[in-house]
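Asks: Encoded as structure tokens, here's the structure I'll be asking about.
All of the numbers you see were taken from the coordinates with simple rules; none came from a lab. Because the structure is a prediction, the values reported are computed rather than measured. We place every Cβ from the backbone using ideal geometry, glycine too, and count neighbours over all the protein chains shown.
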Amino acid sequence: MDILIVIEDNNGKVHRMGLESITAAQTMAKDRGFSIAALVMGSNADELATQVSNYDIGEVLKLEHDLLSSYSSDGYAEAVKQVVEKESPKYVFFGHTYQVRDYVPKISAKLMKPFLVDNVLMNSDGDDTVFTKQMFNAKLYSDMIAMDEGPLLISFQSAAYSSDNAASGSASVRDVNINLDSSMIKTQSEDPFQEESGGVDLTSAEIIVSVGRGIGKEENVPMAKDLAKAIGGELASSRPVVDAGWLSSTHQIGSSGQSVSPKMYLALGISGAIQHVVGMKGSKNIVAINKDPEAPIFEIADYGVVGDVLEIVPKLSEALE
Amino acid sequence: MKIAVLVKQVPGSDSPLPINSNQSWLDENGISYVMNECDNYALEEALQIKEENDDGEVVVISLGPDRVQKVIREGLAKGADRAIHIQMNSDSIADPLSLATLFADAIRDEKFDLIFSGLQSDDLGMGQTGIIIGEMLGMSTASLAMATELSEGIIKVKRELEAGFFQWVSMSLPASITIQSGLNIPRYPSLKGIMGAKKKEINIVTPGGHDVKQSAKKVYVPQSDKQTVMIEGSVDQIVDKLVEAFRNEIKVI
Ligand SMILES: Cc1cc2nc3c(=O)[nH]c(=O)nc-3n(C[C@H](O)[C@H](O)[C@H](O)COP(=O)(O)OP(=O)(O)OC[C@H]3O[C@@H](n4cnc5c(N)ncnc54)[C@H](O)[C@@H]3O)c2cc1C
């Protein structure tokens, strides 16, 4: 095969971003006349293989091994490395998940092959493909090229390609084997857990007033709280506000926090980095107030105000009361 | 306990980002630089481990042109013992594999017990360098650390997972761990620290050549096809128009 997609297990289901990479692979395959295979592994490999075989890809590679029954970066990196060496694809596709961040750089080091991460787009350029990624917290884009004949490791940002566009089909399943022993796995993992939510459930809120670092300091946070109250909404925030201890982590919206889709999301002094945006871009109406006219948040906002939140917010609360 | 902290100098979040004339990278003039945000947390974590264990050494390491000595001095002022500056004139290397090779070569003989680095840089956002270095030096690795606990040659790391989940992972030293923002409260340098930093050693390393495996071909401002209604005017006018939109268009009041 030319493209190998590595599918991630999300509690027995194909991770949403795995489906998105199927669409990405199909797009490239069509453009460049490539063949596709998908790799599933771990304790749910059977289940995943069945799900993935319903897509238009050449074949599904199924890898079962005791040491892969739960995730470890060493085990997964070694396993994928061996499969890549055996199958020699031109490209290896991943969704840019937290797990992929954790183990794929190790494959890059083992194979000395580049890992082009977190791409939002790809375009053919003759016999080559140019991959586009965000840089400087989404303020700029950069077209990246690999200077290596491959296999190239490529990951895609969440929603770069839509899983709705993945063409269905029926693929055959083939078993693959690797050599793995427990001495190769240097880490021991406990079960995943969630921290106390403290009763803040933002997912059902109709209106969310969300504060970012642009609020400046802790003493200004009540200003946003007042606005939330005046408009009958819930208060939320971006990560730096939580990191600084101005609000508890249960307020955080984004890839590491809650995902919300209220009727209105009012972003106050939030730049619009992807890890925040993935948690709120499904909002029906996004209203952004930011002093920087080039802030990436305006790219997804329905309504935008270029201005100072410290001036606008108190007056807005007043007007609403 | 010998801990390396990798710090990167990056454009600050308020800095202009002027693109150079051939669109290959930024025009460095006019950029204001700061220490990469999560590297600052990585440094704090290392300093706390050193203080709790009452022995050990924290070494800050940065790669880049001479200007990166500013973040190196900042690290020394906060309490790092010494520094290594891997001198590179070009700032535009967007290739984690070659950068990691330079780091690994420069520090291999130091035999660090721990390497802490930020989980990704605010400029390139590659998020790989610390892990690749760890792998190259045969260390255990873990990413996205939100807490660390150290005892008897084992480090336990609370890893951040997606959607508010966490997981504890333990591994033996040596280990290279990438640090997520928010796991501690980074200190400010004291006046005494700032004075003392001037006397601390910065070992300058000039690396040889390196293979480049990926590079930026063109850098540009993204175009959006979203139609955003921009609300303009004086503060009072903006407030009136917002209330109007809330009431009649978005219909939330
Ligand atoms: C693995 C990973 C996971 C992450 N998870 C999350 C997550 O779950 N949630 C999250 O939010 N982030 C997350 N982040 C961090 C994310 O990348 C951004 O750093 C973060 O979202 C930025 O927050 P911000 O917009 O509040 O701050 P900044 O990016 O610093 O933006 C502040 C904005 O405020 C504006 N501003 C400043 N002053 C004013 C003023 N007076 N009036 C109006 N505007 C003003 C500025 O123009 C700027 O646009 C994660 C990062 C990584 C790498």
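Asks: Near B:LYS200, which aspartates and glutamates are there with a Cα under 15 Å away, not counting those fewer than 8 places off in the same chain?
Replies: B:GLU57, B:GLU74, B:ASP81
Asks: Which lysines, if any, have their Cα less than 25 Å from the Cα of B:LYS198, not counting same-chain residues under 8 positions apart?
Replies: B:LYS2, B:LYS8, B:LYS50, B:LYS70, B:LYS78
Asks: Measuring from a point 7 Å past the Cα of B:PHE165 along Cα-to-C-beta, which residues in the stretch A:48-76 have an amide N at less than 15 Å?
Replies: The answer is A:69-73.
Asks: Across peptide B:131-139, how many C-beta atoms of other chains are within 10 Å of each residue C-beta, on average?
Replies: Per residue, the average neighbour count from other chains is 5.
Asks: Then there is this: Label the stretch B:87-201 by shape, choosing from rounded, prolate and oblate, from the square roots a ≥ b ≥ c of the eigenvalues of the Cα gyration tensor; if a/c is under 1.5 it is rounded, and otherwise prolate applies when a/b is larger than b/c, oblate when it is not.
Replies: rounded
Asks: Give the share of C-alpha pairs in each 5 angstrom bin for the stretch A:92-157, from 0 to the last occupied bin, in whole percents, shortest bins first.
Replies: Each 5 Å bin holds this share of Cα pairs: 4, 17, 28, 25, 18, 7, 1.
Asks: B:GLN223 to A:ASN10: FRET efficiency via 1/(1 + (r/R0)^6), r the Cβ-Cβ distance, R0 30 Å, to the nearest 0.05?
Replies: With R0 = 30 Å, the Cβ-Cβ based efficiency is 0.35.
Asks: Now for a separate question. Taking only DSSP H segments of four or more residues, each worth -39500 (n - 2.57), what value at 222 nm results for chain A once the sum is divided by all its residues, to the nearest 500 deg cm²/dmol?
Replies: The helix contribution divided over chain A gives -8000 deg cm²/dmol.
Asks: Can you give the translational diffusion coefficient of the stretch A:3-184 in µm²/s, computed by Stokes-Einstein from the Kirkwood radius over Cα pairs at 10 °C and 1.306 mPa s?
Replies: The diffusion coefficient I find is 98 µm²/s.
Asks: Here is a further query. State, as an integer percentage, the relative contact order of chain B based on alpha-carbon contacts under 8 Å between residues 6 or more apart.
Replies: So the answer I get is 23 percent.
Asks: Counting every Cα pair in the stretch A:1-64, what percent are over 16 Å apart?
Replies: The calculated P(r) of the stretch A:1-64 puts 37 percent of pairs beyond 16 Å.
Asks: What is the antiparallel percent of DSSP beta bridges lying wholly in the protein assembly as shown, to the nearest 5?
Replies: Once the DSSP bridges in the protein assembly as shown are tallied, antiparallel ones form about 35 percent.
Asks: Report, in deg cm²/dmol and to the nearest 500, the calculated mean residue ellipticity at 222 nm for chain B, where each DSSP H run with n ≥ 4 adds -39500 (n - 2.57) and the sum is divided by the residue count.
Replies: The helix contribution divided over chain B gives -7500 deg cm²/dmol.
Asks: For the cross-link pairs A:LYS133/B:LYS251; A:LYS110/A:LYS133; A:LYS217/B:LYS192, which exceed 32 Å when the distance is taken from alpha carbon to alpha carbon?
Replies: Exceeds cut-off: A:LYS133/B:LYS251.
Asks: Putting +1 on Lys and Arg Cβ atoms and -1 on Asp and Glu Cβ atoms, find which of B:MET139, B:LEU97, B:GLY182 reaches farthest to the positive end of the dipole of the stretch B:90-197.
Replies: B:GLY182
Asks: Can you work out the Karplus-derived ³J(HN,Hα) for every residue in the stretch A:156-173? Use 6.51 cos²θ - 1.76 cosθ + 1.60 with θ = phi - 60°, whole Hz, and x for glycine or proline.
Replies: After applying 6.51 cos²θ - 1.76 cosθ + 1.60, I find 10, 5, 3, 6, 4, 10, 8, 5, 4, 8, 6, 6, 8, x, 9, 9, 7, 10 Hz.
Asks: I'd like the distance between the alpha-carbon centres of the stretch A:33-95 and the stretch A:236-304, rounded to an integer number of Å.
Replies: 35
Asks: Further, regarding this structure: In peptide A:238-244, how many Cβ atoms from other protein chains are near each Cβ within 10 Å, on average?
Replies: 3
Asks: To one decimal place, what Kirkwood hydrodynamic radius in Å is obtained for the stretch A:1-111 from all pairs of distinct Cα atoms?
Replies: 13.8
Asks: In whole Hz, what ³J(HN,Hα) sequence does the stretch A:76-91 give by Karplus (6.51, -1.76, 1.60; θ = phi - 60°), x for Gly and Pro?
Replies: Once rounded to whole Hz, the list reads 5, 5, 5, 4, 5, 4, 5, 5, 4, 4, 6, 8, 5, x, 7, 10.
Asks: Same structure, new question: For chain A, take N as its residue count and report Rg(C-alpha) divided by 2.2 N^0.38 Å.
Replies: 1.12
Asks: Sticking with this one: Work out from phi, with θ = phi - 60° and the Karplus expression 6.51 cos²θ - 1.76 cosθ + 1.60, the ³J(HN,Hα) of each residue of the stretch A:15-26, listed in order in whole Hz, and give x for Gly and Pro.
Replies: 4, 3, 6, x, 5, 5, 6, 5, 4, 4, 5, 5
Asks: Next question. Quick one: compute a quarter of the convex hull surface over the Cα atoms of the stretch A:202-320 and quote it in nm².
Replies: The Cα convex hull of the stretch A:202-320, projected and averaged over all directions, gives 6.1 nm².
Asks: Considering every Cα-Cα pair within the protein assembly as shown, what fraction, in whole percent, is farther apart than 36 Å?
Replies: Tail fraction, whole percent: 36.
Asks: Kirkwood Rh and Cα-based Rg: tell me the resulting Rg over Rh for the stretch A:136-276, rounded to two decimals.
Replies: Taking Rh as the inverse mean 1/r over Cα pairs, Rg/Rh reads 1.11.
Asks: Please report the antiparallel percentage of DSSP beta bridges with both residues in chain B, rounded to the nearest 5.
Replies: 40
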